[in-house]
Amino acid sequence: MTRFKETVAVVTGGGTGIGRQIALGLSAEGAKVAVLGRRIGVLDDTVAEICAAGGVAHAASADLTDQMATENAFAEITEKLGRVDVLVNNAGAFRAIGPIWEVDPEVWWSDVETNIRSTFLCTRTVLPSMIEKGSGRVINLIGGGTAAPLPPGSGYSVSKTGIMRLTECVSATLEGTAVVCIAMAPGLVRTDMTEYQLASQAGQTHLPNLAKRFEEGDFLPPTRAAELAVAIADGQFDQLRGRAVAATEQLGDISSAIPEILERDLRTLRLNGFGPTMKPDPNY
């Protein structure tokens, strides 16, 4: 429990599923962990489990799409635990399922806002202190619909793709600093989100392969995402800043692939065949 001694980590959506496992994984390595989200009950459960194992944790409840609430929550965390060294933007939503002409526009937009705005607000809140301190890591969770379209979940797909591009933009802005921003795909995991998709009529209609994948064991335990998040927080993949890594990969395989990833400019968002170059335009 010494790898992250004196490290303060924040995990949004840390009350259940992937976020909870990441919080437990960081705590097991010595980090002081804050879990942040709307449902204080499940956040308190995560804190209780961490503390029972001898760790240090704090729960902060906030609507992460609200700027003031988010900033107040991070101020509370800083007061309780110290300045944030690691931020894991895990909080997310995927409830608008079906063709865009069938889904409720408010639910569709809520998915987009929850996923992108919370990531944006939390990241912009912690970056100034990370830059001032000269170190820090931000891990943004992406997912299905990022690398390729996910038509039945267009809101989720749009938002996760946006998070990937935000990761690239933030990373480029941080060039010359020791602060790292990386995107992470946790793979298919059985969570409250996927349980809703399995149980809802919309999910059963428009995501018919989901149940089959779970029945056939074609999914990952949340511990795989936790292992990857711990490795990223430890700096093992700093060379891949602004890019994406996935829990479906073995850690050693990711490390071995780094030279090729950098040489071929992989793990980024690009429009194939669009324009003479996809490098940032120096005129902007």
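Bear in mind that the values in this text are calculations on the coordinates, not laboratory data. This one's a predicted model, so the numbers in the text were calculated from it and none came from an experiment. Methodologically, a virtual Cβ is constructed for each residue, glycine included, from the backbone with ideal geometry; neighbour enumeration extends over all protein chains shown.
A few remarks follow.
- The range 69-174 - percent relative contact order, Cα under 8 Å, separation 6 or more: 33
- Here the spin labels are modelled as points 7 Å beyond Cα on the Cα-Cβ line, and at ALA148 and ALA178 they lie 4.1 nm apart.
- Short-range pairs are left out: with C-alpha atoms under 8 Å and at least six residues apart, the relative contact order of the chain is 17 percent.
- Close amide H partners of GLY136, meaning residues 5 or more places away or on another chain with modelled amide H under 5 Å apart, are VAL180.
- Here the Kirkwood formula puts the hydrodynamic radius of the range 1-152 at 15.9 Å, using every distinct Cα pair.
- Ordering 261-267, 47-53, 241-247 by mean Cβ neighbour count within 10 Å, with the highest value first, yields 241-247, 47-53, 261-267.
- For the range 110-227, a crude dipole built from +1 on the beta carbon of Lys and Arg and -1 on the beta carbon of Asp and Glu, taken about the Cα centre, is about 180 debye to the nearest 20.
- Within-12-Å neighbourhood charge of GLY136 [Cβ basis; K, R +1; D, E -1]: +1
- Given +1 at the Cβ of Lys and Arg, -1 at the Cβ of Asp and Glu and no other charges, the dipole of the chain around its Cα centre is 320 debye to the nearest 20.
- Total formal charge among the other residues, if their Cβ is under 12 angstrom from that of VAL42, Lys/Arg +1 and Asp/Glu -1: -1
- Value of Rg/Rh across the range 44-115 [Cα atoms, Kirkwood radius]: 1.11
- With q set to 0.12, 0.13 Å⁻¹, the log10 of I(q)/I(0) for the chain, from the Debye formula over equal scatterers at the Cα positions, is -0.74, -0.88.
- Close amide H pairs (under 5 Å, H built 1.01 Å from N) link MET184 with ASN140, LEU141, ILE142, VAL245, residues at least 5 positions away or on another chain.
- Reachable lysines from LYS133, criterion Cα separation under 25 angstrom, eight or more residues apart if same chain: LYS5, LYS32, LYS80
- Under 24 Å from the Cα of LYS212 - lysines, other chains or at least 8 residues apart: LYS160
- A full extension of the chain between GLN239 and ARG213 corresponds to an added length of 6.0 nm, given 0.36 nm per residue minus the alpha carbon distance.
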